[in-house]
Amino acid sequence: MNRRVVVTGLGVLSPVGNDVKTFWKNLQEGVCGISMIEEFPTEGFAVKIAGKIRNFNPEDYGMDKPFIRKQDPFAIYAMASAWQAVNDSGLVAEGEGANIDPFRLGVYVSSGVGGFETICREVRKLDEDPSGKWVSPHFIPSMISNMAGGNIAMKFGAKGSCITISTACATSTHSIGEAYRAIKDGYLDAIITGGTECGTIPLGLAGFANARALTREENPLHACLPFNADRGGFVMSDGSAVLILEEYQHAVDRGAKIYAEIVGYASTCDAYHATAPRPDGETQAACIRMAAKEAALDKEQDSVYINAHGTGTLLNDKIETAAYKQAFGDFAYKCHISSTKSMHGHMFGATGAAEAIATILALRDGVIPPTINLDNPDPECDLDYTPNKAVKAELTLGLSDSFGFGGHNACVAFRKVK
């Protein structure tokens, strides 16, 4: 089978907005959501800034107090985005108004790490009392990364496949891509898909910092510097993002709002290094090229926006630039590109889905969100990275790529629905 797949619902929780409307407005306006860490003392700590979720009340997103009390933040964040996306789509699997067979509705919501905060809290308990009697009975179901998806399936009655993928920074892009294939090939009619993460705790930040991945910059408004010659590492953030993917005719038959059509997906592996990207850009370029080919890229007719991985690390940004040139040749210079991480930071397992949402909305509205803080461009990063201010453009194709630790590469492609 080769069925068409469309996006009918969106939800996001991020440092630049706790709903899609605010998220998109702030991205267009170049609002930086990175701030000083307030949750724990940072004196002597290597990293003093992060992208945090602020002014968030889980009860505003359909969660009750017993659920909130038992869950790790990563799962709570996922539920908030899923609640937004499902309500946005109008999908109902059970009860009055049901419009999809629950066995044809799946959940592919993933996390790079899972219940990081829960793990740290319960380990401290075990250290204090090695008998283990104070370790919470909710520890395992709160910590394991598949429980974000499991809880979402329970909430919305999704009885089809419920699958969790963990590929570091590429986690939610892979989740979206694999969900696309499952619907395209006829296994399901709709999937709640995306990613979630809460890693800005002391252990998470210390680990990434000591791996020399995070910036030591102390000015939060000029810290995440994708494609800037002064870049010094990425900024860790928390968040979640969820999309509803649905078979085209199923969406049309129930009168659903359609944001875009997903028309391409590819994944490759660097097979090179645990944390560093492959230096020749070969596998990253292959991933982008294959997704664009499946999307039927026409270099003569298409106007393309690419939401770059654009982390602000020295290696990623110049290798990603080289990968675009390998993938597209001279056409790379005609593409509109930006890194929205410059505003929301790196949400790890959630970032690919958040960037896919930004790509879809850029395509819908004809607006390229900027790469802020691009005041000193790296000469090796010489493509159109949309410095500092949003740009209007009539777009026909949107790509979003993600490159994760372990060499995991993923790219998804979207078009306006014809």
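Values computed for the structure shown
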read-out: Enumeration of residues in the range 1-53 that are under 17 Å from the mean Cα position of the chain (by Cα) and among the acidic types (Asp, Glu); value: 19
read-out: In the range 252-278, the residues that are in a strand (DSSP E or B) and farther than 30 Å from residue 86 by Cβ; value: 268, 269
read-out: Residues that are touching a Ser or Thr at 6+ places or on another chain (Cβ under 9 Å) and open to solvent by 70 Å² or more (accessible area, probe 1.4 Å), drawn from the range 118-144; value: 121, 138
read-out: Members of the range 368-394 that are under 25 Å from residue 279 (Cβ atoms) and β-branched (Val, Ile, Thr); value: 371
read-out: Residues (surrounded by 21 or more Cβ atoms within 10 Å (Cβ to Cβ), farther than 30 Å from residue 122 by Cβ and more than 16 Å from the chain's Cα centre (by Cα)) located in the range 72-87; value: 86
read-out: Hey, residue 185 more than 21 Å from the chain's Cα centre (by Cα) and of a type in the set (D, E, K, R) or not; value: yes
read-out: All positions within the range 88-113 that are outside any loop (DSSP other than H, G, I, E, B) and surrounded by fewer than 24 Cβ atoms within 10 Å (Cβ to Cβ); value: 88, 102, 103, 104
read-out: Strands (runs of 3 or more DSSP E) enclosed by the range 320-418 - at least 2 residues per element that are crowded, with 24+ Cβ neighbours inside 10 Å, of a type in the set (A, V, I, L, M, F, W, C) and touching a helix residue (DSSP H, G or I) at 6+ places or on another chain (Cβ under 6 Å); value: 408-415
read-out: Selected residue (only one of 193, 171 is crowded, with 20+ Cβ neighbours inside 10 Å and part of a helix (DSSP H, G or I)); value: 171
read-out: Any hit, the range 314-324, residues being among the aromatic types (Phe, Trp, Tyr) and under 17 Å from the mean Cα position of the chain (by Cα); value: no
read-out: Looking only at the range 282-302, and only at residues there that are among the small types (Gly, Ala, Ser) and not in a loop (DSSP other than H, G, I, E, B), the one that is most open to solvent (accessible area, probe 1.4 Å); value: 286
read-out: Index of the failed condition, residue 95 passing every other in (1) modelled with pLDDT under 95; (2) in contact with a Lys or Arg (Cβ under 7 Å, 6 or more places away or on another chain); value: (2)
read-out: Unmet requirement for residue 263, which otherwise passes all of (1) farther than 27 Å from residue 33 by Cβ; (2) modelled with pLDDT under 95; (3) crowded, with 18+ Cβ neighbours inside 10 Å; value: (2)
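Residue-by-condition table, conditions (1) buried (at least 23 other Cβ atoms within 10 Å of the Cβ); (2) touching a strand residue (DSSP E or B) at 6+ places or on another chain (Cβ under 6 Å); (3) assigned to a helix (DSSP H, G or I):
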| residue | (1), (2), (3) |
| --- | --- |
| 179 | yes, yes, yes |
| 186 | no, no, no |
| 200 | yes, yes, no |
| 207 | no, no, yes |
| 217 | no, no, no |
| 225 | yes, no, no |
| 231 | yes, no, no |
| 241 | yes, yes, no |
| 280 | no, no, no |
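The values are calculated or read from the model by the stated rules, or taken from the named source; none is laboratory data. Because the structure is predicted, anything quoted here is derived from the model rather than measured. Neighbour counts run over all protein chains shown; Cβ positions are idealised from the backbone, glycine included. In case anyone asks, the SASA skips ligands and DNA or RNA and just uses the protein heavy atoms, side chains included. Shrake-Rupley method; radii C 1.70, N 1.55, O 1.52, S 1.80 Å.
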